Amino acid sequence: MAKSPDTVNEAVFVYSEDQLGYRFSDTHPFNQKRLTLTVDLLTKMNALSKQHIVEPRMATDEELALAHDMRYIDAVKKASEPDCNAEEFEAYGIGTEDTPLFVGMHEASARLVGSTLTAVDYVMEGKAKHAVNLGGGLHHGFRGKASGFCVYNDSSVAIRYMQQKYNARVLYIDTDAHHGDGVQWCFYDDPNVCTISIHETGRYLFPGTGNITERGSGEGYGTSFNFPIDAFTEDESFLEIYRAAFREIVEHFKPDVILTQNGADAHYFDPLTHLYGTIETYKEIPKLAHELAHEYCGGKWIAVGGGGYDIWRVVPRAWSLIWLEMSDQPAPTGELPKTWLERWEQESPVPLIPTWEDPSPLYEAIPRKAEITEKNQQMLEKSLYIIRNEKKMSL
């Protein structure tokens, strides 16, 4: 059931069909149709209505410049025009195979940033305790270069915006299967921003960074945390690291607000990664974020999307669970709405999962499960040991 109008500001859902304009090509793996599928799923289960939805705005050039060089912003604008020369912009990371040009790219990208800023203002101005922008989470964008499907980095802009406008101490946690490199490097020397990334090791996966030794620099040393997990990691090991690391670091850092990046590409079905998560991981991720936001930040929790390339079987269910948790609605079980399945089953290139739970077993048993789990545990223990020692030294 949707929440009643007098309690709707427990959480807001930032969304507009204009967000679908961030589209590289018909064959590119980054496909914003996943937003349509998620919104439709939530609507058909009566969990999301017009009273929950907030229209996003577009970020200004000045706001984009909080995390991006103006020369880069100008280059993106020029690359957004019809019939531009793609080779001219490759030095900026656009016009490449990962991040190809498309007409209107600047406007579409600035709108996704503005969507996250809309979520920020609702939470930081006390108009809602929580806010979600599933169109955001483009965590690979750098100050002067696009990377990994990401033109502008909405989380980096949003964090700078929160610092300047609200004087906030921000904790950013990224559970995308790919390392949140763009956000990490933006705040690597900033003691008032803590970045946490739990991701598949970069040994075989883009962007190849996110080692345990990446701890920050200068005054920001000790505010960057990375938990690179082995390929084929399953739910139990992923969640052990997530729960232990997230809680301990929040207690240590004491943020004013939590920003979560919720890539849904650590699932077994995802075509671009090598992790063996199931929907159980995505049930648990928002629960702890919600809990810690209330314990340490007066409820201030902003969530964005991120990766997720099985847009039919994984993303709609995983992202729906964020909104359901955020808006204090019970986690669903059993079958998905029949009307949703009937609407999309003919268009989907793969058979849809008809239930909130994944089929069991979802995959054959992993021969190296014990070895992978032990290696992940050792990595976690080493990281927590470092955190605890640093905490003692600061007392």
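The values are calculated or read from the model by the stated rules, or taken from the named source; none is laboratory data. Predicted model, so just to flag it, every value in this text is computed and none were measured. Methodologically, a virtual Cβ is constructed for each residue, glycine included, from the backbone with ideal geometry; neighbour enumeration extends over all protein chains shown. Only protein heavy atoms, including side chains, enter the accessible area calculation; ligands, DNA and RNA are left aside. Shrake-Rupley method; radii C 1.70, N 1.55, O 1.52, S 1.80 Å.
Here are some notes:
- The range 266-395 pair-distance distribution - Cα-Cα, 10 Å bins, rounded %: 10, 30, 33, 20, 6, 1, 0
- For the chain, a crude dipole built from +1 on the beta carbon of Lys and Arg and -1 on the beta carbon of Asp and Glu, taken about the Cα centre, is about 820 debye to the nearest 20.
- Shown for the range 177-336 is the translational diffusion coefficient from the Stokes-Einstein equation, using the Kirkwood radius over Cα pairs, a temperature of 20 °C and a viscosity of 1.002 mPa s: 133 µm²/s.
- In this Cβ point-charge picture (+1 for Lys and Arg, -1 for Asp and Glu), the range 79-165 has a dipole of about 720 debye about its Cα centre.
- Compared with the rule-of-thumb size 2.2 N^0.38 Å for a compact globular protein, the range 65-144 has a Cα radius of gyration ratio of 1.26.
- Evaluated at q = 0.15, 0.16 Å⁻¹, the base-10 log of the normalised Debye intensity for the range 188-247, with identical point scatterers placed on the Cα atoms, takes the values -0.47, -0.53.
- Apportionment of accessible area to carbon and sulfur, the chain, percent (1.4 Å): 50
- Diffusion constant of the range 213-292 at 25 °C, which comes from Stokes-Einstein with the Kirkwood Cα-pair radius and 0.890 mPa s, µm²/s: 176
- Two-decimal log10 I(q)/I(0) for the chain, as the Debye equation yields it once each C-alpha is a single scatterer, q = 0.15 Å⁻¹: -1.46
- Along the chain, counting only GluC sites (Glu not before Pro) with a DSSP assignment other than H, G, I, E or B and at most 10 other Cβ atoms inside a 10 Å radius, the longest segment between sites is 126-346.
- Each semi-axis of the equivalent ellipsoid for the range 278-327 is √(5λ) with λ an eigenvalue of the Cα gyration tensor; in descending order they amount to 22, 10, 8 Å.
- Cβ-based charge dipole, the chain, positive-most Cα from PRO330, MET105, ILE94: PRO330
- Three-way shape label, the range 124-200, alpha-carbon gyration tensor, a/c 1.5: prolate
- Assuming charge only on the beta carbon of Lys and Arg (+1) and of Asp and Glu (-1), the dipole of the range 125-166 about its Cα centre is about 100 debye to the nearest 20.
- FRET efficiency, GLU371 to GLU291 (Cβ-Cβ, R0 25 Å, nearest 0.05): 0.20
- Prolate/oblate/rounded call for the range 296-363, Cα gyration tensor, a/c under 1.5 rounded: prolate
- Charge-dipole axis of the range 269-395 as Lys and Arg at +1 and Asp and Glu at -1 on Cβ define it, positive-most pick from VAL350, LEU275, LEU362: LEU275
- Relative to the current alpha-carbon distance between ALA65 and ASP189, full extension at 0.36 nm per residue lengthens the span by 42.8 nm.
- Taking 7 Å steps out from each Cα toward its Cβ at GLU240 and GLU335 produces label points 3.8 nm apart.
- Mean sequence separation of contacting Cα pairs (under 8 Å, at least six apart), scaled by the length of the range 50-151, corresponds to a relative contact order of 33 percent.
- Cβ-based charge dipole, the chain, positive-most Cα from HIS199, TYR221, LEU321: TYR221
- Unsatisfied cross-links (Cα-Cα over 20 Å) in the set LYS300/LYS382; LYS77/LYS145; LYS254/LYS382; LYS50/LYS127; LYS287/LYS369; LYS254/LYS300: LYS300/LYS382; LYS254/LYS382; LYS287/LYS369
- Entry comment: accessible area of the range 54-189 is 35 Å² per residue, from protein heavy atoms only and a probe of 1.4 Å.
- Cα-based shape type of the range 87-216, given that a ≥ b ≥ c are square roots of the gyration tensor eigenvalues and the cut on a/c is 1.5: oblate
- Of all complete DSSP H helices in the chain, those with a Cα span along the helix axis of 18 Å or greater and a mean Kyte-Doolittle hydropathy of -0.5 or more are 105-124, 235-253.
- When the alpha carbon gyration tensor of the range 146-244 is reduced to an equivalent ellipsoid, the three semi-axes, largest first, read 23, 15, 13 Å.
- Debye intensity ratio I(q)/I(0), log10, the range 1-157, q values 0.12, 0.17, 0.20 Å⁻¹ (C-alpha model): -0.53, -0.95, -1.20
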